[in-house]
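Since the structure comes first, as structure tokens, the remarks are kept for the end.
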Ligand SMILES: Nc1ncnc2c1ncn2[C@@H]1O[C@H](COP(=O)(O)OP(=O)(O)OP(=O)(O)O)[C@@H](O)[C@H]1O
Ligand SMILES: [Mg+2]
């Protein structure tokens, strides 16, 4: 094992050029990342992008075909799962059907050498059950529990071991929407309380964004962008990230002019639109294919007679559809020369404008800072 | 519960559905047993067969056939045990480790022997274990004077050969059903592979183990062909004694008493076994079914 480096004390998980290939399939393809201690970290990406494989390499169920996986600064390549200081909450919980709730949760403690005293085990199981708010469920059969309760048992079974890192593989996938929301909040609170590093796998961007300190967006076994929720949302590195995280309007074109902080794109009809580069993007070359991305909530929508001031782009449009979402209203408009544009109007702006109906003539626009110039990939 | 509901509602359909089962039960199980029970208290007719009487003489004579009982009661459990020990690793390999193609091939290999008659295959073993089979091969490497045929070892080999597949399948099925992620979960929680086996794999495959061993044990208690062919009259089971008594000496009442003795022993043995398993299950908090 290599000597611990100085900063290793603060880094729980580190990937150095990690790959996992299955013959021709590159499940994970050269990943570098580090997860600081106490972080809520997420792997986010579409199905088959290598999230589970990455998690399983931390747990020890898979070995990298190249690169190095480090836990607390020491390489764990070749270390079997039962000797790693991490615990996992499995996708469908994988609770032991022949054991009751108590024995499921006590399982990890009983593998210790020396094995803790019976009273100690009972005390810790009780504590952990209280932590996941399942006190009094000790003697229940696991298959008698509801989905949400099973998930808590799975969580307790992992947490009782006080792992360095808790791994969670789509723990919420089997829960209904309401319960999922509750569990997300609970999990986040729990993570702050116990202070353990959490590594979550999900393909639900909302889930990742709302819970994580740090998110790693993956595609085809590679990392596209890693950062906090705000950075991914406001400063996407390319179109893929902007598309995956939240909603965006995209206008395709070629770079007509480029500077240090922004560029002007020429659209198919010859019209030019200016935008800024995101802090994570590298400036593009002239004539490169690119797109302008505008978040719907940054698109202003006003009555045709009174266009909003200070907009870099102003385009007449006709309302095609309106969806009332409660706190916001979503408009789909056909804008002249720009195609279909999605605009999100807040409650206050709706009150000011009085709202619009399908067929209404409107003007849409956005300030230059709202237009992001992004590379296609 | 369903049965009770059906009867309470006086449902004729339920009665009709139960009719074949009831008939089968009465005709094939209860009647012969009653006949044998009645016979066992009778006397042998002078020309052989049964003659009505009420005497315990047949039962008092049972110790004369003690050897058949002790042979059966040692070789049947021993054979079952060897079958378990050999079948489990194979079933485990098939269900947990083997790739899809190897698995299919091995499963076919387990089934293939059933395509020829058991009698013929056991005859083949007479040759293999006989003077010109394995003993001759052993002589080639310098091991002289090995006698296999007509020994308990030969009977055991025959038993394991014949009954192994019956043990493999139930164990295989229960291991195949086992969720492999449970094994990962166990490892993840700090259990070594060996402890994972003891704490997860074994308890969860217990139903298959119990089914397989009961099946093999019950059939072995009544076994007759293997000792007849490979034991050569020297190693005989209760089954051989029965053939002898019913077909050769035509002492039906004594044969009946021996048969009842076997049934009684078997019932006691199975009851003890199930009680042991039940206690184990209760301790592990496992539900069998
Ligand atoms: N044991 C394996 N053998 C061959 N290919 C595999 C194996 N495990 C995973 N893969 C492949 O590796 C790729 C990544 O798989 P992985 O399970 O990591 O995806 P994922 O991001 O977790 O997807 P999902 O959201 O659907 O769970 C997939 O293309 C998958 O088919
Ligand atoms: Mg997955």
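For region A:12-43, the set of residues classified as at positive phi and part of a loop (DSSP other than H, G, I, E, B) consists of A:23, A:38, listed by residue number.
The residues on offer are A:46, A:97, and the sole one that is at pLDDT below 95 and either under 17 Å from residue A:155 (Cα atoms) or assigned to a strand (DSSP E or B) (or both) is A:97. Taken together, A:129, A:145 contain a single residue that is surrounded by fewer than 20 Cβ atoms within 10 Å (Cβ to Cβ), more than 10 Å from every other protein chain (Cβ to nearest Cβ) and in contact with a helix residue (DSSP H, G or I) (Cβ under 9 Å, 6 or more places away or on another chain), which is A:145. Determine whether region A:74-90 contains at least one residue that is within 24 Å of residue A:229 (Cα to Cα), under 18 Å from the mean Cα position of the chain (by Cα) and within 14 Å of chain B (Cβ to nearest Cβ). Checked against the condition, which is being within 24 Å of residue A:229 (Cα to Cα), under 18 Å from the mean Cα position of the chain (by Cα) and within 14 Å of chain B (Cβ to nearest Cβ), region A:74-90 yields at least one hit. Within region A:155-172, the residues that satisfy the criterion of being within 16 Å of ligand 2 (Cβ to nearest atom) and either within 18 Å of residue A:111 (Cα to Cα) or touching a residue at least 40 places away in the same chain (Cβ under 8 Å) (or both) are A:167, A:168, A:169, A:170, A:171. Can you confirm whether residue B:114 is assigned to a helix (DSSP H, G or I) and surrounded by 13 or more Cβ atoms within 10 Å (Cβ to Cβ)? Judged against the criteria, residue B:114 is not a match. Can you pull out the residues in region A:153-206 that are within 23 Å of residue A:71 (Cα to Cα), part of a helix (DSSP H, G or I) and either within 16 Å of ligand 1 (Cβ to nearest atom) or more than 14 Å from chain B (Cβ to nearest Cβ) (or both)? Of everything in region A:153-206, those that are within 23 Å of residue A:71 (Cα to Cα), part of a helix (DSSP H, G or I) and either within 16 Å of ligand 1 (Cβ to nearest atom) or more than 14 Å from chain B (Cβ to nearest Cβ) (or both) turn out to be A:187, A:188, A:190, A:191, A:192, A:193, A:194.
Out of all the residues in region A:213-229, is one or more farther than 30 Å from residue A:158 by Cβ and crowded, with 21+ Cβ neighbours inside 10 Å? Checked against the condition, which is being farther than 30 Å from residue A:158 by Cβ and crowded, with 21+ Cβ neighbours inside 10 Å, region A:213-229 yields no hits at all. Within the set B:64, B:52, B:15, the sole residue that is under 24 Å from residue B:237 (Cα atoms) and free of Cβ contacts under 8 Å to residues at least 40 places away in the same chain turns out to be B:64. Quick check on region A:53-68. Is at least one of its residues more than 16 Å from ligand 2 (Cβ to nearest atom), surrounded by 16 or more Cβ atoms within 10 Å (Cβ to Cβ) and either outside the structural domain of residue A:215 (by TED's automatic domain parsing) or not in a loop (DSSP other than H, G, I, E, B) (or both)? The answer is yes, given that some residue of region A:53-68 is more than 16 Å from ligand 2 (Cβ to nearest atom), surrounded by 16 or more Cβ atoms within 10 Å (Cβ to Cβ) and either outside the structural domain of residue A:215 (by TED's automatic domain parsing) or not in a loop (DSSP other than H, G, I, E, B) (or both).
Return a yes/no flag: does region A:106-117 have any residue that is within 25 Å of residue A:205 (Cα to Cα) and not in a helix (DSSP H, G or I). The answer is no, given that none of the residues of region A:106-117 is within 25 Å of residue A:205 (Cα to Cα) and not in a helix (DSSP H, G or I). The sole residue among A:95, A:55, A:44, A:70 that is within 14 Å of chain B (Cβ to nearest Cβ) and in contact with a helix residue (DSSP H, G or I) (Cβ under 8 Å, 6 or more places away or on another chain) is A:95.
The single residue among B:262, B:220, B:215, B:175 that is in contact (Cβ under 8 Å) with a residue 24 or more places away in the chain and surrounded by fewer than 19 Cβ atoms within 10 Å (Cβ to Cβ) turns out to be B:215. Looking only at region A:200-239, residues that are more than 11 Å from the chain's Cα centre (by Cα) and within 23 Å of residue A:173 (Cβ to Cβ) come to 5 in all. In the set A:224, A:245, only one residue is outside the structural domain of residue A:37 (by TED's automatic domain parsing) and either more than 16 Å from ligand 2 (Cβ to nearest atom) or over 22 Å from residue A:44 (Cβ atoms) (or both); that residue is A:245.
The values are calculated or read from the model by the stated rules, or taken from the named source; none is laboratory data. Worth saying up front: this structure is predicted, and the values here are computed from it rather than measured. When we count neighbours, we look across all protein chains shown, and the Cβ atoms used for this are built from the backbone with ideal geometry, even at glycine.
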